[in-house]
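Inspection log for the structure reproduced underneath, given as structure tokens.
The values are calculated or read from the model by the stated rules, or taken from the named source; none is laboratory data. On a predicted model such as this, the values are computed, not experimentally measured, just so you know. Here the Cβ is made from the backbone with ideal geometry for all residues, glycine too, and neighbour counts use every protein chain on show. The accessibility values were calculated without ligands, DNA or RNA, using every heavy atom of the protein model including side chains. Shrake-Rupley method; radii C 1.70, N 1.55, O 1.52, S 1.80 Å.
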Amino acid sequence: AWLRYAPLPCSLSRHHSLPESIIALNSTTTSPVYSAGQELHKGLLGIFGKNLTVSTSLPSGKPPSKAVVVGTVAAFGKSSGVGHDVASALEPDGFWLEVKGSMVTIVGQNERGALYGAFQYLSLLARADFSDVAFVSNPAAPVRWTNEWDNLDGSIEHQYGGPGIWFQGGHVVDDLTRAGQYARLLSSVGINAVIVNNVNADANILTDANMQGLGRLADAFRPYGVQLGIALNFASPQSIGGLSTFDPLDPGVIQFWTDITDKLYQHVPDLAGYLVKANSEGQPGPLTYNRTLADGANLFARPLQAHGGVLMFRAFVYNNNLNESDWKADRANAAVQFFDGLDGKFEENVVVQVKYGPIDFQVREPTSPLFAHLSRTNAAIELEVAQEYLGQQCHLVYLAPLWKTVLDFDLRVDGRPSLVRDIVTGRRFKRPLGGFAGVANVGTHPTWLGSHLATANLYAFGRLAWDPSQTAEGLLDEWVVLTFGHDRHLRSTLSQMALESWPMYENYTGNLGIQTLTDILYTHYGPNPASMDNNGWGQWTRADAHGIGMDRTVSNGTGFAGQYPPEVAAMYESLHTVPDELLLWFHHVPYTQRLRTTGETVIQHFYNAHYAGAETAATFPARWASLRGKVDSDRYDAVLRRLIYQAGHAIVWRDAINEFYRNKSSIEDERGRVGHH
Ligand code: GCW
């Protein structure tokens, strides 16, 4: 992926001074600072061919010169000392990086921070940035976790990069080398924990053998400062605990979870915490016993408190047997309705984990309004690195621009600036916890995710979790250089393609906020607009012969628009102010409704967008082919094959969607293409 430490081209590597030795102020081989020393060695060797010695203490007598010294504030404090202003500016996991010619100082607030600082220094070098710098970098939020939907048999729910790397046949595998390498990759972008099993959780994760296996897995992650967490099945007290109930207020159930938690911490002393999906898509939960979702979350949060663990509780709770003949039925309303009245009722170590949009990782969704309703509850945003509805790694879709539309969205809570990113980092409502969860679904494929280009999304996820104010463009350029090299033409070509990819995918799939229009019943892949209606799942379009779209207005529809704070609600409520890209999310309109920005009708926009999207996809193979010789042949060929496939599949999408709506609406394409190609 991006940790290649490839040799710099000569033109970029001349005329600068580099450290002559490495000092990592901790010799314990399982410590992140030790890993930092190893990483600096590997990086300087790879990029510059410099084979430096790594020592673990400062030379006595004079201060070191021409060295890179990495350690924690505490370790530095004992010897040379770190300026008070630096030490006090550092937050947990943060670091100070100072480059002064060939003298480099990296100070972590903790061990993990020191490792992050080392990765940051190596990233600068790999990008040929040799400037003198001196800065503090703190993470925006404490929760920067991936979720992996691994089943215990080794399969993954939404597996696009091969089977999982840590479970097989019901147990944790013996050889955890690759798990350690994954932790290294994650820590290089600041990710600090991994939920290792599927949120549709198997209670057998809690057997004695699996607790031991989890202990070994945590050992493999620990040198990189990555903590392990697990997803739990709410009914475990009944299914494996021999109890007759899983009622969260039952004393036996409370005792069960307290015992389980204490036992887990014996195996994994630094367990990050739990993730729970309750009362969603058939999963058991507290509602079975007429208890609230807060009762359900607090059940796990309390025993975790004694150990410093965090309980991530998913907001993805909805009824999947909705009746479409009810004009006011709306799955999008579910999260706010289910969490209504619960703000402030959660324990302090609970974080409510909210998918970015109110439905389910679609190509375009408005921000989940739930973020505006949790001012006395910690919140995290859930993003999906795995491209479930977005081409499943067979299509190039760079997701950071999509995520940024949500992170940078201003919910105007109480009429004040309330960016989603400031809510989930805890700033807006002064919450102690919060952050980012990214569903990654790493697998055994050599690219980790199933395609070389898809790793841009994992990179961007980690970097945005560290600092969500960064731009999608800036992060992309970093990733391109680290992953493929410095060549100017390569840099601009690949960046341009990646930046066009999400709008292009939206063009040839579902437009104007109608959702992806993919098959929602089985595969979540390929066009199937018919599957979007007449089902209980509630991902509807309400397309008929006359019109299309969900009326989510307060005045005439499901009322969803009214879940937003007043300024935002008013914008979505009115056809005069709703942004075109969400027109059909909020309004049911005739196919002849004109768009505010272009004046096209809705149906003509569908036709035009699908042609435009497929045309852009058709340019990708040749644009990539112009990079021949600038990328090694393995990656060149693998990417080219995918892009050729994508260009073809974009035509399949174009024609399937256009034909479907031509049939529905009986309105011809003004330009005579649809049905006549
Ligand atoms: O969209 C659905 C996915 C399920 C997933 C669920 C969720 C893990 O298709 O596979 O279950 O979302 O996020 O819980």
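Quick one: Q283 ticks every box in (1) free of Cβ contacts under 8 Å to residues at least 60 places away in the same chain; (2) within 16 Å of the ligand (Cβ to nearest atom); (3) open to solvent by 30 Å² or more (accessible area, probe 1.4 Å) except a single one, so which number is it?
With respect to (1) free of Cβ contacts under 8 Å to residues at least 60 places away in the same chain; (2) within 16 Å of the ligand (Cβ to nearest atom); (3) open to solvent by 30 Å² or more (accessible area, probe 1.4 Å), Q283 is out only on (1).
Please list, ordered by residue number, the helices (runs of 4 or more DSSP H) wholly in the range 1-86 having 3 or more residues that are surrounded by 20 or more Cβ atoms within 10 Å (Cβ to Cβ).
In the range 1-86, the matching helices (runs of 4 or more DSSP H) lie at 32-48, 73-78.
Rundown of residues vs (1) within 16 Å of the ligand (Cβ to nearest atom); (2) assigned to a helix (DSSP H, G or I); (3) not small (G, A, S), yes/no style:
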{"residue": "G154", "(1), (2), (3)": "no, no, no"}
{"residue": "G161", "(1), (2), (3)": "yes, no, no"}
{"residue": "L185", "(1), (2), (3)": "no, yes, yes"}
{"residue": "V199", "(1), (2), (3)": "yes, no, yes"}
{"residue": "N204", "(1), (2), (3)": "no, yes, yes"}
{"residue": "M211", "(1), (2), (3)": "no, yes, yes"}
{"residue": "A231", "(1), (2), (3)": "yes, no, no"}
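How many of the residues in the range 534-579 are of a type in the set (D, E, K, R), out of contact with any helix residue (DSSP H, G or I) (no Cβ under 6 Å at 6 or more places or on another chain) and open to solvent by 20 Å² or more (accessible area, probe 1.4 Å)?
Residues that pass the stated criteria total 3.
Out of the helices (runs of 4 or more DSSP H) lying entirely within the range 437-525, which hold 1 or more residues that are at pLDDT 95 or above and over 21 Å from the mean Cα position of the chain (by Cα)?
Qualifying helices (runs of 4 or more DSSP H): 472-484, 488-508.
For the range 299-320, state whether one or more residues are among the small types (G, A, S), closer than 19 Å to F246 by Cβ and in the same structural domain as D250 (by TED's automatic domain parsing).
Yes, the range 299-320 has at least one match.
For G296, work out the one condition from (1) more than 13 Å from the ligand (Cβ to nearest atom); (2) open to solvent by 10 Å² or more (accessible area, probe 1.4 Å); (3) in contact (Cβ under 8 Å) with a residue 60 or more places away in the chain; (4) not charged (D, E, K, R) it doesn't fulfil.
Of the numbered conditions (1) more than 13 Å from the ligand (Cβ to nearest atom); (2) open to solvent by 10 Å² or more (accessible area, probe 1.4 Å); (3) in contact (Cβ under 8 Å) with a residue 60 or more places away in the chain; (4) not charged (D, E, K, R), the odd one out for G296 is (2).
Suppose the filter is open to solvent by 30 Å² or more (accessible area, probe 1.4 Å), of a type in the set (S, T, Y) and at negative phi; does S155 pass it? First the steps, then the outcome.
Details: open to solvent by 30 Å² or more (accessible area, probe 1.4 Å): yes; of a type in the set (S, T, Y): yes; at negative phi: yes.
Yes: the conditions hold for S155.
Can you name every residue in the range 464-484 that is open to solvent by 10 Å² or more (accessible area, probe 1.4 Å) and either more than 15 Å from A437 (Cβ to Cβ) or free of Cβ contacts under 8 Å to residues at least 60 places away in the same chain (or both)?
Matches in the range 464-484: D467, S469, Q470, T471, E473, G474, D477, E478, L482, F484.
Within the range 340-357, can you find the residues that are more than 13 Å from the ligand (Cβ to nearest atom) and in a loop (DSSP other than H, G, I, E, B)?
D340, G341, L342, D343, G344, K345, F346, E347, E348, N349
Does V189 satisfy being of a type in the set (A, V, I, L, M), out of contact with any His (no Cβ under 9 Å at 6 or more places or on another chain) and open to solvent by less than 10 Å² (accessible area, probe 1.4 Å)? Give the steps one after another, and end with the answer.
Numbers: of a type in the set (A, V, I, L, M): yes; out of contact with any His (no Cβ under 9 Å at 6 or more places or on another chain): yes; open to solvent by less than 10 Å² (accessible area, probe 1.4 Å): yes.
In short, yes.
Tally the residues that are within 16 Å of the ligand (Cβ to nearest atom), within 27 Å of the chain's Cα centre (by Cα) and among the aliphatic types (A, V, I, L, M), restricting the search to the range 299-322.
Summing the residues that are within 16 Å of the ligand (Cβ to nearest atom), within 27 Å of the chain's Cα centre (by Cα) and among the aliphatic types (A, V, I, L, M) in the range 299-322 gives 3.
Using the structure shown, decide if V253 is more than 16 Å from the ligand (Cβ to nearest atom) and outside the structural domain of G225 (by TED's automatic domain parsing).
In short, no.
Residue by residue, here is whether (1) assigned by TED's automatic domain parsing to the domain that holds Q515; (2) surrounded by 21 or more Cβ atoms within 10 Å (Cβ to Cβ); (3) of a type outside the set (K, R); (4) not in a helix (DSSP H, G or I) holds:
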site: I603; (1), (2), (3), (4): yes, yes, yes, no
site: H610; (1), (2), (3), (4): yes, yes, yes, no
site: E615; (1), (2), (3), (4): yes, no, yes, no
site: R635; (1), (2), (3), (4): yes, no, no, no
site: I651; (1), (2), (3), (4): yes, no, yes, no
site: N658; (1), (2), (3), (4): yes, yes, yes, no
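Looking at the range 389-405, which of the residues that are open to solvent by less than 10 Å² (accessible area, probe 1.4 Å) and not aliphatic (A, V, I, L, M) is nearest to the ligand (Cβ to nearest atom)?
The qualifying residue nearest to the ligand (Cβ to nearest atom) is Y389.
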